[in-house]
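Data first, discussion second: the structure below is written as structure tokens.
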């Protein structure tokens, strides 16, 4: 396959993307924290008629969704080059508050640059 030539504009866009990748990944991680808070929120206790049979199925889907969100968090932390010990600690705890506290620290450090 021949090497693709990019216009000056395209080169600028690509350079800007990679130059801001850490900011982009921190924003993505912030969004994932929000999604995890919502996913972990308690479900309303009032069931709609006919929901009785689907309760365990919904819970299974909810857990699968939470697992996918944590996988995305893991990938984002790797891309941010977070030290492996911190990544391991957060992934073992799988506590949204621990992740949010660390994210707050990372955002503060990124703001000082």
List pairs: first residue in region 76-98 and touching a residue at least 60 places away in the same chain (Cβ under 8 Å), second residue surrounded by 11 or more Cβ atoms within 10 Å (Cβ to Cβ) anywhere in the structure, Cβ distance under 7 angstrom, at least six positions apart or on different chains. 96/33; 96/36; 96/37; 96/40
Among the residues of region 7-24, is any in contact with a helix residue (DSSP H, G or I) (Cβ under 6 Å, 6 or more places away or on another chain) and over 22 Å from residue 107 (Cα atoms)? no
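Taking the conditions exactly as written (surrounded by 12 or more Cβ atoms within 10 Å (Cβ to Cβ), at pLDDT 95 or above and under 30 Å from residue 106 (Cβ atoms)), does residue 62 satisfy them or not? Explain how you work it out, then say what you get.
Numbers: surrounded by 12 or more Cβ atoms within 10 Å (Cβ to Cβ): yes; at pLDDT 95 or above: no; under 30 Å from residue 106 (Cβ atoms): yes.
Taking the combined requirement at face value, the residue does not satisfy it.
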Within region 62-86, how many residues turn out to be under 14 Å from residue 32 (Cβ atoms), in contact with a helix residue (DSSP H, G or I) (Cβ under 9 Å, 6 or more places away or on another chain) and not in a loop (DSSP other than H, G, I, E, B)? 11
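Do you know which residues across region 1-56 are at pLDDT 80 or above, assigned to a loop (DSSP other than H, G, I, E, B) and under 30 Å from residue 101 (Cβ atoms)? Explain how you work it out, then say what you get.
Start the filter on region 1-56 by keeping residues that are at pLDDT 80 or above, which leaves 4-42.
In the following step, the residues that additionally are assigned to a loop (DSSP other than H, G, I, E, B) were identified as 4-7, 20, 41-42.
Of everything in region 1-56, those that are at pLDDT 80 or above, assigned to a loop (DSSP other than H, G, I, E, B) and under 30 Å from residue 101 (Cβ atoms) turn out to be 20, 41, 42.
The values are calculated or read from the model by the stated rules, or taken from the named source; none is laboratory data. On a predicted model such as this, the values are computed, not experimentally measured, just so you know. With ideal geometry, Cβ positions are generated from the backbone for all residues, glycine too; neighbour counts draw on all protein chains shown.
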